[in-house]
Amino acid sequence: MSMFGAVGFSLTTKSRHLLLRSLQRKGCAARCISTTPFPEFDDLVDIKTHEDLHKFSLEQPDTFWSRLARSRLTWNKDFSTVSKCDFKTGQLEWFVEGTLNASVNCVDRHLKERGDQVALIWERDEPGTHVYLTYKELSEMVGRIGNLLRNSGVKAGDRVAIYLPKTPMAIATMLACARIGAIHSVVFAGFSADALAGRIQDAEAQTVVTANQTVRGGRIIELKQTVDAAVSKCPGVKQVLVYNRTETKVPMGKLDIDMVEAMAHESPDCPVEERNSEDTLFMLYTSGSTGKPKGITHSTAGYLLYTNVTFKHAFDYNPGEIFGCVADIGWITGHSYALYGPLSNGGTTLLFESTPLYPDPGRYWEMVERLKLDHIYLAPTSLRMLLKAGDEYVKKYDRSSLRKLGCVGEPLNSEAWEWYYNVVGEKRCDIIDTWWQTETGGICISPRPSEPGAEIRPGMPMRPMLGIDLALVDTQGAEVTGEDCEGALCIRRPWPGIARTIHGDHQRYFETYFKPMPGMYYTGDGAHRHKGGYYQITGRMDDVLNVSGHRLGTAEIEDVMDDHIDVAESAVVGFPHEIKGEGIYAYVVLKDTRTLGKKEIETQLRAGIKKRIGNLAQPDMILFTPGLPRTRSGKIMRRILRKVASDKPDELGDISTLSEPEVVDYIVKKHEQLR
Ligand code: WT7
């Protein structure tokens, strides 16, 4: 019981499990008597199907969203105006003049009915050592951390950087920020010290929350050391809260506070800061097509409502069920569908701290059997990995608790879809392939909701979510109409969950998302509209890579390499990768004056990428070339670099407009040798 010191656990694992199951059964009973999934619209006689409701959501958006906002969220003060939005100017406001608090919506309001229900199941890295936390226990933790932050000088509107593994402490810290009106900025704990420092500086965070160490796949990761290195570059940081995730003592400096010890001195009752609908709930950095990551900023009311509604309806979540979103808390998926969506619905959510391959490729399914998950929500890249390991790892375990199988982050290819459906789900479960982005806040395209039993097609997320108005646009900026066609995917009208700005750079926000197609939100993805109006995503149209479902800007990696003293220039492109979806291919031009050998330079480039970004940005291939293919006007022909990297040298097309066509021959030959 020493895991949290003051905030220990009283029930044994077994009694907790029984309690959870009995609550689940009650939840099911409640579900069976509930009449419709959208009681808010029961009085509208002409709405009979989901299609009708989607149509209604577009025709009368204010009625649609205001009814949901009033019934699904708990407000301190009702809003006066539903939405004040204009895509032409990038001005976006929802639920104007309303006030509320996200931690109240995710915790306090459930205490009366569900205080003893399990809120969090922490699936620790160490196999078989899960921990249950009830809403009451979560509430205590949030209260203590909230008081600790407030008493340490954190005020509403201040940014708090969180660099923690996926643990109850991370969730409680995020909610504690929300409680006192501070803005959390979670940084994925796989990013390097430099990447963390950049994010702390950009957000001007004065408080950092981290752990002494973390464990991942059985390996110890020295989180505190990384934070020390980052904080040494951030003079603005005034304090670092350190949660002891392991027993190992780490050196504590003068900024460092032992978090659990300090929490013991705080009261579990923490006064709530009333927030305006449009106050920022959190920011989260993501990659764009320039080198600098963008601090995507989300609102309190709009974001919370959107994750609440999409969580419930995309997955058909029912009270008492266990939702297992395995994404890390460092990504938007962890924010929306491990925390805000499930907890604002009073649900039970899984915190998966490990990796799909530890201790073996059966980890997910063994966990499904042990914890009786009703839903699992994962990334296609891990499915492709597990599929290779063979069916025995799945079949060994009882998966009969599973009802819905979700995925997100990259296209779910048909082989992986079939395996997920036939092998994992034994043809019993709907496959919910969801499309969305850090910027959209929540799911925008998904097979459900739809009529119960309606067709689900492999390889595509299919249907626009309620309130989402999709459009395809061609390169000239004209809308592509009809079916069986392709274009740039845009969203024609605002929805509550859309990001409000990029921290400190509203101009970049406007130029990235609203300038390319005036009057619409530009997603950066291409899509195909099939017969029936179903959407399939074809991939990014900009210089953003999607590696194992993680977003990386090619420019970020190029910037690191270009800083090497012997590198003249570089170009990074993606190529199809069997497991990762997309691999990273770097073309590097060295200076004539270089003093080091290529091997040594490659080693240093890799070390530089590890240091400045993190190992997730490591190229699969580095090809040294005397030059890069350019047009006569000097623009790098990335199309050619992509074709070569994808093993398609015969599809290079017309290269006569290049300034030095012989560079292409060199690259093609060199690629043949390297692969
Ligand atoms: C990009 C957003 C949103 C959570 C995870 C990623 C790609 C996302 C799908 C899907 C095909 C997908 C897009 C998108 N993407 N879901 N179901 N099918 N592609 O969030 O890091 O903001 O990345 O991921 O390219 O733009 P993100």
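The values are calculated or read from the model by the stated rules, or taken from the named source; none is laboratory data. It should be emphasised that the depicted structure is a prediction, and the values quoted were computed from it without experimental measurement. Positions of Cβ are backbone-derived with ideal geometry, glycine not excepted, and every protein chain shown enters the neighbour counts.
On the basis of being among the aliphatic types (A, V, I, L, M) and not in a strand (DSSP E or B), does residue 607 make the cut?
yes
Among the residues of the stretch 383-396, write down those that are under 22 Å from residue 321 (Cβ atoms) and within 16 Å of the ligand (Cβ to nearest atom).
Across the stretch 383-396, the qualifying residue is only 383.
Mind checking whether some residue in the stretch 344-364 is surrounded by fewer than 24 Cβ atoms within 10 Å (Cβ to Cβ), among the charged types (D, E, K, R), in contact (Cβ under 8 Å) with a residue 40 or more places away in the chain and in contact with a Leu (Cβ under 9 Å, 6 or more places away or on another chain)?
Yes; the residues of the stretch 344-364 include at least one that is surrounded by fewer than 24 Cβ atoms within 10 Å (Cβ to Cβ), among the charged types (D, E, K, R), in contact (Cβ under 8 Å) with a residue 40 or more places away in the chain and in contact with a Leu (Cβ under 9 Å, 6 or more places away or on another chain).
Looking only at the stretch 462-514, filter to residues that are over 24 Å from the mean Cα position of the chain (by Cα) and of a type in the set (Asp, Glu); which one of those is surrounded by the fewest Cβ atoms within 10 Å (Cβ to Cβ)?
This residue is 484.
Within the stretch 399-416, restricting attention to residues that are over 18 Å from residue 306 (Cβ atoms) and within 11 Å of the ligand (Cβ to nearest atom), which residue is farthest from the chain's Cα centre (by Cα)? Steps first, please.
First, the residues of the stretch 399-416 that are over 18 Å from residue 306 (Cβ atoms): 399-405, 407, 409-416.
If we keep only those that are within 11 Å of the ligand (Cβ to nearest atom) as well, we get 407, 409-413.
On the way: 407: 12, 409: 8, 410: 12, 411: 15, 412: 16, 413: 20 Å.
Per the stated criteria, the residue is 413.
What number of residues within the stretch 163-178 satisfy the criterion of being closer than 21 Å to residue 105 by Cβ and of a type in the set (S, T, N, Q)?
1
So, residue 378, is that one closer than 29 Å to residue 464 by Cα, buried (at least 22 other Cβ atoms within 10 Å of the Cβ), under 16 Å from the mean Cα position of the chain (by Cα) and more than 13 Å from the ligand (Cβ to nearest atom) or not?
no
So, residue 459, is that one part of a loop (DSSP other than H, G, I, E, B), at pLDDT below 95, closer than 23 Å to residue 378 by Cα and not aromatic (Phe, Trp, Tyr) or not?
For residue 459, the condition - part of a loop (DSSP other than H, G, I, E, B), at pLDDT below 95, closer than 23 Å to residue 378 by Cα and not aromatic (Phe, Trp, Tyr) - is met.
Under 9 Å between Cβ atoms, at least 6 apart or on separate chains: pull out the pairs that start in the stretch 325-337 with a residue that is among the acidic types (Asp, Glu) and end on any residue that is part of a loop (DSSP other than H, G, I, E, B) and more than 8 Å from the ligand (Cβ to nearest atom).
Every condition considered, the pairs that remain are 328/165; 328/166; 328/188; 328/189; 328/190; 328/353.
Need the failing condition index for residue 537 against (1) of a type outside the set (Gly, Ala, Ser); (2) touching a Cys at 6+ places or on another chain (Cβ under 9 Å); (3) over 30 Å from residue 82 (Cα atoms), just the number.
Checking residue 537 against (1) of a type outside the set (Gly, Ala, Ser); (2) touching a Cys at 6+ places or on another chain (Cβ under 9 Å); (3) over 30 Å from residue 82 (Cα atoms), the one that fails is (2).
Only residues that are in contact with a Lys or Arg (Cβ under 7 Å, 6 or more places away or on another chain), within 11 Å of the ligand (Cβ to nearest atom) and of a type in the set (S, T, N, Q): list them for the stretch 417-452, please.
Passing the criteria: only 446.
Given 104, 142, which one is assigned to a helix (DSSP H, G or I), within 16 Å of residue 299 (Cα to Cα) and either in contact with a helix residue (DSSP H, G or I) (Cβ under 8 Å, 6 or more places away or on another chain) or touching a residue at least 60 places away in the same chain (Cβ under 8 Å) (or both)? Outline the logic, then answer.
Details: 142 fails: within 16 Å of residue 299 (Cα to Cα).
Answer to the selection: 104.
Is the stretch 361-373 home to any residue that is under 30 Å from residue 534 (Cα atoms) and more than 11 Å from the ligand (Cβ to nearest atom)?
Looking for residues that are under 30 Å from residue 534 (Cα atoms) and more than 11 Å from the ligand (Cβ to nearest atom), one finds at least one in the stretch 361-373, hence yes.
Any residue that is surrounded by fewer than 16 Cβ atoms within 10 Å (Cβ to Cβ), within 26 Å of residue 674 (Cα to Cα) and not charged (D, E, K, R) - is there at least one of those in the stretch 557-564?
No, that holds for no residue.
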